[in-house]
Amino acid sequence: MTLLTQDHGLIRAVAKGVRKPSSRFGSRLQPLNLVQVMLYQGRNLANVSAVDSVHLYGSELASDYVRWSAGHVLVEATERLVTEEQEPSRPHYRLLISGLAALRDQTRDPRLVIDAFLLRSLATGGWAPSFDDCTQCGDTGPHPWIHLPSGGAVCQDCKPSGAVSISPATSALLGALLSADWAVADAAGPTARRAASGVVAAYLQLHLERDLRSLPIADKAWLSELSVKLTSEEDVVA
């Protein structure tokens with residue numbers, strides 16, 4: 001298994017006999033759970049010798065497939081972005097805990113939680129985008145163009161080949177997700193949310209160089225649930 005720890009970063013470990021019904025700590029080591037673990041170093045992998053529950057986010061999310069699948073996006077992205085094993089990774093650790101807590105609370109759109117988490121995780125890793133000022137000349141935005149290889153928004157004068165247009169609502173939502181301005185993010189409409197998710201996925205792929213395996217699964221679950229909830233005329237396709 002892979003563990004993310006606050007002081008020692010990623011740790012690869014093995015829990016012997018964890019699948020047996022008689023295991024002392026099998027249920028606590030389910031994915032997405034926050035636990036305290038006692039380890040001892042083996043020849044190649046650490047070995048789990050004791051586990052205490054802190055917060056069983058995975059157990060709480062397991063009954064909601066949309067949020068459960070969203071949680072797996074968070075942990076897979078974290079594993080990909082934390083590249084050094086057994087090195088402190090406190091910012092990513094705190095982001096992951098807050099992201100799982102947001103999914104558990106049931107008050108926020110899980111796709112917004114994913115997008116906010118991914119943008120903030122990328123910023124923590126040194127790839128902070130700009131969705132307001134022009135990334136080339138610094139001209140105050142918002143601007144109607146975005147060019148992800150340049151780092152985000154670009155003005156009309158600096159617009160390179162390959163820049164795409166972006167609506168003011170989508171631009172505002174992206175900025176709100178990056179800064180955790182949930183009042184603005186929660187007020188965004190479905191069209192802006194879908195457009196923002198596309199931008200975030202493309203920006204993530206640009207820096208990771210390949211897609212997250214869990215993201216299409218979470219998207220399919222989210223869109224299926226969203227299709228039932230949509231009532232706005234702007235989202236009715238003839």
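The values are calculated or read from the model by the stated rules, or taken from the named source; none is laboratory data. All values reported here derive from a predicted model rather than from experimental measurement. Reconstructed Cβ throughout: ideal geometry from the backbone, glycine too, with neighbour counts over all protein chains shown. Areas reflect the complete protein model, heavy atoms only, side chains present, ligands, DNA and RNA absent. Shrake-Rupley method; radii C 1.70, N 1.55, O 1.52, S 1.80 Å.
Annotations for the structure displayed:
- With all protein chains in place and a 1.4 Å probe, the accessible surface of the chain carries 51 percent carbon and sulfur.
- Structural descriptor for the chain: relative contact order 16 percent, calculated from alpha carbon pairs under 8 angstrom and at least 6 residues apart.
- On the beta carbon distance between Ile217 and Gln30, with R0 = 22 Å, the FRET formula returns roughly 0.80.
- By DSSP, the beta bridges lying fully in the chain are antiparallel in about 80 percent of cases.
- Rounded to the nearest whole angstrom, the semi-axes of the ellipsoid equivalent to region 20-111, taken from the Cα gyration tensor as √(5λ), stand at 24, 18, 11, largest first.
- Lone cysteines, the chain (no partner Cβ under 4.7 Å): Cys137, Cys158
- Taking a ≥ b ≥ c as the square roots of the eigenvalues of the Cα gyration tensor, region 40-84 is oblate, since a/c reaches 1.5 or more and a/b is not larger than b/c.
- Principal axis dimensions, largest first and in whole angstrom, of region 83-178 by Cα: 43, 33, 21
- The residues Thr135, Thr140, sorted by heavy-atom accessible surface at 1.4 Å with ligands and nucleic acids left out, run Thr140, Thr135 from largest to smallest.
- Degrees separating the helix 90-104 axis from the principal Cα axis of the chain, which is the longest one: 80 degrees
- Other-chain or far-sequence residues with amide H under 5 Å of Trp145's (modelled H): Val154, Ile166
- Axis of helix 190-208 versus longest Cα principal axis of the chain: the two differ by about 60°, to the nearest ten degrees.
- Charge dipole of region 80-238 about the Cα centre (unit charges at C-beta), most positive-ward option of Ser165, Pro110, Tyr203: Pro110
- Think of the chain as having a plus end and a minus end, set by charges on the Cβ of Lys, Arg, Asp and Glu; of Gln156, Tyr40, Ser53, Tyr40 sits farthest toward the positive end of this dipole.
- Extension gain from Glu79 to Leu208, taking 0.36 nm per residue of separation minus the Cα-Cα distance: 45.3 nm
- C-alpha long axis of helix 65-81 to longest principal axis of the chain, angle in °: 90 degrees
- The local environment of Val113, defined by Cβ-Cβ distances under 12 Å, has a net charge of +2 under the rule Lys, Arg +1 and Asp, Glu -1.
- Which label in (1) 1.06; (2) 1.18; (3) 1.12 gives the computed Cα Rg over 2.2 N^0.38 Å: (3)
- Each Lys or Arg adds one and each Asp or Glu subtracts one; over the other residues with Cβ under 9 Å from the Cβ of Pro142, this totals -2.
- From its DSSP helices (H runs of at least four residues, each -39,500 (n - 2.57)), the chain gives a residue-normalised ellipticity at 222 nm of -14000 deg cm²/dmol.
- Cβ charges +1 (Lys, Arg) and -1 (Asp, Glu), total dipole of the chain, debye: 1200 debye
- Region 105-238: C-alpha gyration tensor shape, a/c 1.5 cut-off, then a/b vs b/c: prolate
- Solvent-accessible area per residue, Å², over region 53-207 with all protein chains present [probe radius 1.4 Å]: 44 Å²
- Loop-located chymotrypsin sites (Phe, Trp or Tyr not before Pro) in region 104-201, at most 11 other Cβ atoms within 10 Å (DSSP): none
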